[in-house]
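Worksheet: one structure, shown below.
Derivation of every value follows stated rules applied to the coordinates shown; laboratory data play no part. This is a predicted model, so every value here is computed, not measured. Positions of Cβ are generated from backbone atoms using ideal geometry, with glycine treated the same way; all protein chains shown enter the neighbour counts.
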Amino acid sequence: MNAEPPIRKDLAEAHPMLAARVDSALEYMMTLGKPIRVTECWRTPERQTWLYDQHIHHGGSHAAPPGKSKHEHTVDGAPCSLAVDVCFTGPGVAPYYGQPWGLVRMVFTELCDLYAISRWDEQSESFEGDLCHFELRL
């Protein structure tokens with residue numbers, strides 16, 4: 001199996017509107033005492049292929065087919081991600097589990113006008129989908 005390609009977290013590789021909105025969300029979450037951080041921003045085609053392979057063949061997390069992810073967006077060949085993934089951070093904090101993802105979703109979607117691919121499931125009374133993923137709508 002191929003080695004995992006590097007993760008790129010730098011918001012400088014995001015669309016400027018996405019970077020500004022994510023910065024606002026990060027600041028707001030900090031003021032609420034629930035700090036979060038960017039875990040992934042722009043992806044190379046090799047990384048997206050690797051993630052998709054993990055999803056299809058190894059039960060990995062959600063992943064779009066190569067060439068279809070908003071993380072892979074470029075402008076004139078330069079990275080210009082239209083999506084970010086985030087997690088909770090801090091001493092003793094579980095980055096993904098047992099966290100107030102509804103709050104994060106509200107901050108990113110309502111206050112920062114980003115799109116979430118997760119949805120509320122009435123049956124299980126919980127969010128389903130990729131909770132940590134947010135996209136810019138152009």
Evaluated at q = 0.10, 0.15, 0.19, 0.22 Å⁻¹: base-10 log I(q)/I(0), Debye formula over Cα of the stretch 11-135: -0.32, -0.72, -1.12, -1.36
Less than 15 Å Cβ to Cβ from Gly67, Lys/Arg counted +1 and Asp/Glu -1: what total charge do the surrounding residues give? +1
For an R0 of 25 angstrom, estimate the FRET efficiency from the Cβ-Cβ distance between Glu122 and Asp10 and round to the nearest 0.05. 0.10
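Give me the percent relative contact order of the stretch 1-82, please, defined on Cα pairs under 8 angstrom at least 6 residues apart.
RCO, the stretch 1-82: 33 percent.
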Under 5 Å, built H, 5+ apart or other chain: amide partners of Thr39: Asp85, Val86, Cys87
Hey, can you grab everything whose amide H is under 5 Å from the amide H of Ala14? Only 5+ residues off in sequence or another chain; H modelled, so Pro and N-termini drop out. Ser81
Please sort 81-90, 95-104 by packing, taking for each peptide the average over its residues of neighbouring beta carbons within 10 angstrom, highest first. 81-90, 95-104
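Tell me the Kirkwood hydrodynamic radius of the stretch 32-95 in angstroms, computed as one over the mean inverse distance between distinct C-alpha pairs. Can you show the working numbers first?
On the way: mean 1/r = 0.0764 Å⁻¹.
Every distinct Cα pair counted, the radius reaches 13.1 Å.
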Within 11 Å, Cβ to Cβ, of Pro79, how many net charges do the neighbouring residues add up to if Lys/Arg are +1 and Asp/Glu are -1? -2
Under the helix-only model (-39500 (n - 2.57) for each DSSP H run of 4 or more, divided by the residues of the chain), the mean residue ellipticity at 222 nm, to 500 deg cm²/dmol, is -8000 deg cm²/dmol
